[in-house]
Amino acid sequence: MQNKLRLLYAEDNPDTARETAEELEEYGFEVNTVYDGDEAWMAFQETNPDIVLLDYRMPGKNGLEVFSLIHRMNPNIPVLILSSYTEYCIASLKNGTADFIRKDALIEEVALRLKMAWKQSRNLPLTEKLPDTQEIYYLSENCRYNAGNATLFINEQPIQLTTVPGELLTVLCQNQNHYVSKQTLCKRIWNVYNSGKTISLRNYISDLRKMLEGADTVEIRSSYGKGYCLKTLSMI
């Protein structure tokens, strides 16, 4: 990887923007910060960045609208959406963004996922563990999950999962109808277990639940002390 990735970062909160930009620069990014969607679109055309990180809700164009313009101009530039609102996750991924990051994510995770998205866009080797199975899990009559390419199909409509949700759903599918502890899931995905990762895990579970809403007789259950369980078919 080149020494510094040129990152275009759009965030309308000046304090959040300044703090995040400074932290990302410590992780090897050259950050160009803008504060609304219109400015983000202009800056993209002027600076030709390597990668783009957009807040979803901001003045002018929202993050998804800016992504659409960027994608038409250069579909090879990875664009990631950043938001506190989980309802934007599925819409962002379905429209083809490289990833969706929560604003409560640790900066280490943000930096890693930015670099992962950049590597994936150039077919470079990844450092984070990805699903290594080609197994297809048939979860119900209208739902299946291809762990090899992290694609969830509901009513034959594909939903492309990014790295962490894909890995998480793979583990749950491998243990469907059985509870998997939070500690096991965190260590499998991040190789560490702490309160911050537990919060991130809960948020990703929430995203997966929304993705699975259209699947017949499929749900993710939680139990205090047991963890999470993917209940499928007649087991619900």
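The values are calculated or read from the model by the stated rules, or taken from the named source; none is laboratory data. Nothing here was measured: the structure is a model prediction, and the numbers come from that model. Cβ coordinates were reconstructed from backbone atoms using ideal geometry, including for glycine residues, and neighbour counts include every protein chain displayed. In case anyone asks, the SASA skips ligands and DNA or RNA and just uses the protein heavy atoms, side chains included. Shrake-Rupley method; radii C 1.70, N 1.55, O 1.52, S 1.80 Å.
Per residue, region 86-236 exposes an accessible area of 49 Å² to a 1.4 Å probe, with every protein chain left in place. Across L106, L172, L212, mean-square fluctuation computed from a Gaussian network of the chain (C-alpha pairs under 10 Å connected) peaks at L106. In loop segments of region 37-88 as defined by DSSP, the chymotrypsin sites (Phe, Trp or Tyr not before Pro) with at most 13 further C-beta atoms inside 10 Å of their C-beta are Y85.
Ligands, DNA and RNA left out, the accessible area of the chain computed with a 1.4 Å probe is 45% carbon and sulfur. Label region 1-117 by shape, choosing from rounded, prolate and oblate, from the square roots a ≥ b ≥ c of the eigenvalues of the Cα gyration tensor; if a/c is under 1.5 it is rounded, and otherwise prolate applies when a/b is larger than b/c, oblate when it is not. Rounded, since a/c falls under 1.5. Within the chain, DSSP assigns beta bridges of which about 50% are antiparallel (rounded to the nearest 5).
Kindly express, to the nearest 10 degrees and within the range 0 to 90, the angle between helix 195-211's C-alpha long axis and the longest C-alpha principal axis of the chain. The two axes meet at around 80 degrees.
Only helices enter this figure: runs of n ≥ 4 DSSP H residues, each worth -39500 (n - 2.57), summed and divided by the residues of the chain, yield -12500 deg cm²/dmol at 222 nm to the nearest 500.
Between 0 and 90 degrees, the angle of helix 14-26 with respect to the longest Cα principal axis of the chain falls at about 80 degrees. Straight-line reach from K197: taking Cα to Cα under 19 Å and skipping same-chain neighbours fewer than 8 places apart, the lysines in range are K103, K129, K182, K187, K226. For a quick check, take a GNM of the chain with Cα springs below 10 Å and name the residue from T184, T170, T162 with the largest mean-square fluctuation. With Cα springs under 10 Å in the chain, the top fluctuation among T184, T170, T162 is at T184.
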